[in-house]
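> I have a structure I would like to understand better, so I am pasting it below and will then ask my questions one at a time.
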Amino acid sequence: METVSVAEARKSLADLMAKVAYSGERVTVERNGKPMMVWIGVEELDRLETEVTKAKDALAFALADTARAMIRAERGGVPLPDSADLINELREERDREIGEAVFGC
């Protein structure tokens, strides 16, 4: 990875942009010897964002698995009922109640 100063980056912006965009290199821009930013290409950004999304999804699934295991342990090994089944049962119950209220049956 190439490192350039802010002044150097100003002078050779077009060349650095081409290097980043077409060769996939990263360029670190520093001020007073301290790294301030890194230029990366759009493809590299897309790749990194995809990796972050996958990592977040994996973490969410791991947290959900842990929560399910904790709930199952608290319930003596009995898992919670499926949420979709519960929702369907509640809908059917609501529909029956509405039917009774409207049609008296």
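> Could you list, in sequence order, all residues of the range 1-57 that are in a strand (DSSP E or B) and either among the small types (Gly, Ala, Ser) or out of contact with any Ser or Thr (no Cβ under 9 Å at 6 or more places or on another chain) (or both)? First the steps, then the outcome.
First, pick out the residues of the range 1-57 that are in a strand (DSSP E or B): 2-5, 27-31, 34-39.
Within the range 1-57, 5, 34 meet the criteria.
> Now for a separate question. Take the residues of the range 26-41 that are surrounded by 10 or more Cβ atoms within 10 Å (Cβ to Cβ) and not aliphatic (A, V, I, L, M): which is farthest from the chain's Cα centre (by Cα)?
31
> Are there any pairs, at least 6 apart or on different chains, whose C-beta atoms fall under 8 Å, with the first in the range 6-33 and without any contact (Cβ under 8 Å) to a residue 40 or more places away in the chain and under 19 Å from residue 47 (Cα atoms) and the second of a type in the set (A, V, I, L, M) and assigned to a helix (DSSP H, G or I), and if so, which?
Listed pairs, sorted by first residue: 21/42; 26/20; 27/9; 27/16; 27/20.
> Any idea how many residues of the range 75-98 are surrounded by 10 or more Cβ atoms within 10 Å (Cβ to Cβ), part of a helix (DSSP H, G or I) and not polar (S, T, N, Q)?
Of the residues in that region, 12 qualify.
> Looking only at the range 42-67, count how many residues are within 30 Å of residue 19 (Cα to Cα), over 12 Å from the mean Cα position of the chain (by Cα) and surrounded by 10 or more Cβ atoms within 10 Å (Cβ to Cβ).
5
Each value in this text was obtained by applying a stated rule to the coordinates, not by laboratory testing. Computed from a predicted structure; not experimentally measured. Backbone-built Cβ (ideal geometry, glycine too); neighbour counts: all protein chains shown.
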